[in-house]
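Okay, so here's the structure we're looking at.
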Amino acid sequence: MQNLSFSEDEKAKIRESILRIALINAVNYDGKAQVGAVIGKLLAEKPELKAKAKEVAALVKEVVEEVNRMPLHEQKRIIEEKWPEALKKRRAEEEKGLPPLPNVEKYEKVITRFSPNPDCVLHLGSARAIVLCHEYARMYNGLFYLRFEDTDPKGKRPRLEFYDAIREDLLWLGCKWDKEFIQSDRLQIYYEHAKKLLEIGKAYVCTCKKEDFKKRILAKKPCPCRDLPAETQLERWEHMHNGTYKEGEAVVRIKTDLSHPNPAVRDWPALRIIDIEKYPHPRVGSKYRVWPLYNFACGIDDHLLGITHIIRGKEHLTNMERQKYMYSHFGWEYPEAIHYGRLKITGAYLSKSKIVEGIRQGVFSGWDDPRLATLAALRRRGITPEAIRKLMIDVGPKAADVTLSWENLYAYNRKIIDPKANRYFFVNKPIQLTVKNVPKAYLAKLRLHPDHPERGFRILEVKPKNGEAALWISSQDLKVLEKGKVVRLMELFNIKVEDIAVYAVEAVFHSESYEEARRVKAPLIHWLPIDDGIPCQVVMPDASIAEGIAEKACAKLKPNTIIQFERFGFVRVDSLNDKLVAYYTHK
Ligand SMILES: [Zn+2]
């Protein structure tokens, strides 16, 4: 054992590193450092110490006890004296939050809103608006509203199931709303405002054919309906409601500048008729024939609900220009608007129409199919809401486009789940390994978590019969096996491979110690006793299924637990009956 211990010099250096880490850890947690956290950080900085974990742990325990006896101000003083840059770094990390909102002082209370159309479930792209709006409201002690924009029973038809699915997604994300509004409850309000604009000559009922109107508007010319007197407008408005006009025969338009450089802004449509017998609304049925279009309902509501800060994608810039005309007709002031750039996630399906179509055609198994980037799918896979929130806050509301990869999200998630997830063995595509000349029975004690010895162990028992032990190993490890090569079975013993066939491997006991394995550079593989596991299926991100055997300790896990299958990846336990079904999270 002599060659394993540290020299005095080494020991002093390691002690100094431990002291620094322990002090910073203590200052972060009210003056009390945690042994596990300090060991984890130390081994991350100096992975070479892993081989001497026992001695390191003893040293850490000693230093942590010493640090925890100091008062907090003393801990801070030592850091400031010896490692001033460590405190600076910590401050910079703390300050890395959202940039301030503009003109907050103008308003009594900051009010933000998230306003989805309940025609689909939410996906990772929607999470940005939700998290930013919610976070800003919290940051300023304001309010965060949820508003369902469900006024298109024909083209973007809402479905009842999605109102609840969206609420569930928001709660899961940790973004609880202070008030909820549903636009299909508010039609009378939109009607009143439309009527008002018709009365004061700021809107008109246009009965022109689409193509005729388009031709005129492209030429910056008014259509004949535009300047008809208010009485005629109100009469036409009545006809929209009483069925005189049919779908497509009349539309209320908001007057704008006909010379506006963008033709799409000129006299934009605000309300239209929908054949409500054919397209009844899922909440209010066939009660209303006239339905507001997006810009009208959204613009009216943002003002009436007192939204102070609108935070949304830059694809809404033209909508803001349109709505500003309506605001000036009413004499209203437009809220502060922050338009962020596009967020692309390489390899993720973020198009609602593609998701809906894929599900309709049966390409995807459901809204939580692991191939989708819906929040439901991410949840099922074990992506945590904290990771999504943190990612979106770090991306922030910047105007430049941002491209992320799945790996970016995984990195955030890994940081959160790695310290929590206990470790287990899963043998994917198992094949039998027979080891001869095993001298005795073995009990392998495996830590539930390498950095948290206090969580305890799981125990795997190997009982050879006539010196022969039968084990499962993964056929994916065939690539590291070679005839004559020494391989270490993790936390068990070392074997020498004698024969490799497609469905079985034969080996002979070689030696016991880990040091011996290191000396001959033996690869480490995981294994399970052949009579001692439970069948397990892991649903992979591409919806394929990895089939194998998980260690029997997994039988006691609860659904929704996130664990790590060593040398395989993190998974979320989905169900546990006669077999364990898990969803793959990431490496
Ligand atoms: Zn017209």
Those residues of region 459-474 that are outside any loop (DSSP other than H, G, I, E, B) and either farther than 30 Å from residue 419 by Cβ or touching a Phe, Trp or Tyr at 6+ places or on another chain (Cβ under 7 Å) (or both) come to a total of 8
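So that you can scan it fast, the table gives a plain yes or no per residue for (1) assigned to a helix (DSSP H, G or I); (2) open to solvent by less than 10 Å² (accessible area, probe 1.4 Å):
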site	(1), (2)
291	no, yes
298	yes, yes
301	yes, yes
317	yes, no
337	no, no
348	no, no
359	yes, no
366	no, no
Tell me which strands (runs of 3 or more DSSP E) are completely within region 152-255 and hold 2 or more residues being buried (at least 19 other Cβ atoms within 10 Å of the Cβ), or say none if there are none. 203-206, 251-254
Residue check, residue 275 against (1) over 28 Å from residue 117 (Cα atoms); (2) away from the ligand (no atom under 16 Å from the Cβ); (3) among the acidic types (Asp, Glu); (4) surrounded by 13 or more Cβ atoms within 10 Å (Cβ to Cβ), all met but one. Which one? (1)
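Residue-wise test of (1) within 16 Å of the ligand (Cβ to nearest atom); (2) modelled with pLDDT under 95; (3) aromatic (Phe, Trp, Tyr); (4) in contact with a Pro (Cβ under 7 Å, 6 or more places away or on another chain).
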residue	(1), (2), (3), (4)
258	yes, no, no, yes
285	no, no, no, no
301	no, no, no, no
309	no, no, no, yes
321	no, no, no, no
Would you check if residue 220 is at positive phi and within 15 Å of the ligand (Cβ to nearest atom)? yes
Scan region 430-443 and tell me whether some residue there is among the aromatic types (Phe, Trp, Tyr), modelled with pLDDT of 95 or more, under 30 Å from residue 378 (Cα atoms) and assigned to a strand (DSSP E or B). no
Given the structure, is residue 207 within 16 Å of the ligand (Cβ to nearest atom), touching a residue at least 40 places away in the same chain (Cβ under 8 Å) and in contact with a helix residue (DSSP H, G or I) (Cβ under 6 Å, 6 or more places away or on another chain)? no
Conditions (1) more than 30 Å from residue 161 (Cβ to Cβ); (2) in contact with a Lys or Arg (Cβ under 7 Å, 6 or more places away or on another chain): number failed by residue 340: (1)
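State yes or no: is residue 420 surrounded by fewer than 18 Cβ atoms within 10 Å (Cβ to Cβ), under 21 Å from residue 550 (Cα atoms), within 28 Å of the chain's Cα centre (by Cα) and at pLDDT 95 or above?
Taking the combined requirement at face value, the residue satisfies it.
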From the option list 180, 199, 231, 192, single residue qualifying as closer than 23 Å to residue 299 by Cα, charged (D, E, K, R), away from the ligand (no atom under 16 Å from the Cβ) and out of contact with any helix residue (DSSP H, G or I) (no Cβ under 9 Å at 6 or more places or on another chain) is 192
Checked region 423-478 for anything under 26 Å from residue 498 (Cβ atoms), among the acidic types (Asp, Glu) and surrounded by fewer than 16 Cβ atoms within 10 Å (Cβ to Cβ); matches are 461, 468
Selection within region 561-581 - open to solvent by less than 20 Å² (accessible area, probe 1.4 Å) and without any contact (Cβ under 8 Å) to a residue 60 or more places away in the chain: 569, 573, 580
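The values are calculated or read from the model by the stated rules, or taken from the named source; none is laboratory data. Note that the structure is predicted; figures quoted are calculated from it, not measured. Reconstructed Cβ throughout: ideal geometry from the backbone, glycine too, with neighbour counts over all protein chains shown. Note: accessible area is taken over every heavy atom of the protein model, side chains too, but ligands, DNA and RNA are not part of it. Shrake-Rupley method; radii C 1.70, N 1.55, O 1.52, S 1.80 Å.
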